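So the structure is just underneath, and the comments pick up after that.
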Amino acid sequence: MKVVMLRVGGSLSSTILKLRPLQLPVQTHAGLPWTPVAPPAHVTAVRGVSGGGAGAGWYGGLADSAPVHLAEQFLVGVQQVSGLPWWASIAVGTLSVRTLVTLPLAAYQMVIVAKVEALQVEISELAKRLQYEVSVRAKERGWTDKQCQFQFKRNLRRIVSQLYVRDNCHPFKASLLVWVQLPLWISLSLALRNLSLDQSALQSELAAGGALWFPDLTAPDWTWILPVCLGLTNMLIVEVSSLHRPTGSRLQRLVLNSFRALSVLMIPIAASVPSSMALYWLTSSLVGFSHNLLLRSPVVHRLLQLQTQRSDSPYRDLLAALVNKYLK
């Protein structure tokens, strides 16, 4: 009996018995080296936590780490170059980082996800043909159901993996944004904590660098306006994100509810830290939400050449989905 052959993209053929690596073209992207610029001499005078009261242990080591000190120098540099008050400098610094660093990564993540989604039809067709080939071979060799499942899953994993290599869209690349954004968020948060406390050289400037109801950036916001706004913004981000993700399974509902709980938990946390940190968290969430809306634009989708179908009226559709889910 002839062995059924699998073809992927018109160039791939393999059999169940001879599992040779698929020869698919791999796309590579040359990266550009980045050389950090040495901070001005007056910026290096900023103290870290090691001489303050952060305490020993992992938290003290993290707060006194090189990334946190670089974040301190960045924030001080933004304030001294712009000449803005500290509250505005924090907002400008946050906008700069999120626009220059995380926004391109978010766009890249969209491209990867779109490529993976576009492959699902091809993967589905290959799975059907592979299932038939396995059934034919099972009759020839007398395989059990367990052996059939093993052969099917092993070969399907191999084919899918090499499809990802062919289209340069391994799903792990979609997580790059998290691995960059989370350390940045932690570093800038601890940097503001260091500058606001522990008798840093700029503590007095931060104490007078606030505005409106939070004139002292080194003290918590006793009005709870910043913390509550932070919680509401984070909750809005979670709910908007959930509109386009399936939440049918128990695990998916658990993850969604966990993010909701975290949004609520951030309110008392933000109320107990210096206002500079709460202001940064709120600004970061607002900028992130605006970037999410921007990336829904059909113009951006055309520029990114996304392969999946997108709505021509994403904002109207989003508003309608929110109304249908929560107001009807």
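The values are calculated or read from the model by the stated rules, or taken from the named source; none is laboratory data. Values in this document were obtained by computation on a predicted structure and should not be read as measured data. Cβ placement follows ideal geometry from the backbone for every residue including glycine, while neighbour counts extend to all protein chains displayed. Side chains are part of the model used for accessible areas, which takes the heavy atoms of the whole protein and leaves out ligands, DNA and RNA. Shrake-Rupley method; radii C 1.70, N 1.55, O 1.52, S 1.80 Å.
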Give the dimensionless ratio obtained when the Cα radius of gyration of segment 135-205 is divided by 2.2 N^0.38 Å. 2.36
What list of whole percents do you get for P(r) of segment 253-304, with Cα-Cα distances grouped in 5 Å bins up to the one holding the largest distance? 4, 17, 15, 18, 17, 13, 10, 5, 1
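What number does segment 148-255 give for Rg over Rh if you use C-alpha atoms and the Kirkwood radius?
Values: Rg = 23.0 Å, Rh = 18.9 Å.
Taking Rg over the Kirkwood Rh, I get 1.21.
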Note down the Stokes-Einstein diffusion coefficient of segment 56-123 in µm²/s, whole number, using a Kirkwood radius over alpha carbon pairs, 25 °C, and 0.890 mPa s. 164 µm²/s
What does the extension gain come out to for Leu265 and Leu70, with contour length at 0.36 nm per residue minus their alpha carbon separation? 67.4 nm
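For segment 202-328, what is the convex hull volume of its Cα atoms per residue in Å³?
On the way: hull volume 19.9 nm³, N = 127.
Per-residue hull volume (Cα only) is 156 Å³.
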Ignoring everything but the protein chains, give the 1.4 Å probe accessible area of Phe150 in square angstrom, nearest 10. 120 Å²
Tell me, how many Å apart are the Cα centres for segment 109-168 and for segment 289-320? 31 Å
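Compute the semi-axes of the equivalent ellipsoid of segment 89-175, taking the square root of 5 times each eigenvalue of the Cα gyration tensor, and list them largest first in whole Å. List each step's numbers first, then the result.
Values: eigenvalues 379, 26, 12 Å².
The three semi-axes for segment 89-175 are 44, 11, 8 Å.
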By what distance, in whole Å, do the Cα atoms of segment 222-292 stretch along each of the three principal axes, largest value first? 40, 24, 14
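May I ask you to rank Asp221, Asp145 by accessible area, largest first, using a 1.4 Å probe over the protein chains only?
Values: Asp221 5, Asp145 130 Å².
Output order, biggest surface exposure first: Asp145, Asp221.
What's the magnitude of the charge dipole for segment 99-189 around its Cα centre, counting Lys and Arg as +1 and Asp and Glu as -1 at the beta-carbon? Answer in Debye, nearest 20.
Values: 13 positive and 7 negative charges, 90 e Å.
Value, rounded to 20: 440 debye.
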Taking only protein heavy atoms and a 1.4 Å probe, the highest-to-lowest accessible-area order of Cys169, Cys148, Cys229 is Cys229, Cys148, Cys169
For the pair Glu140 and Ser241, what calculated FRET efficiency results from E = 1/(1 + (r/R0)^6), where r is the Cβ-Cβ distance and R0 = 56 Å, to the nearest 0.05? 0.70
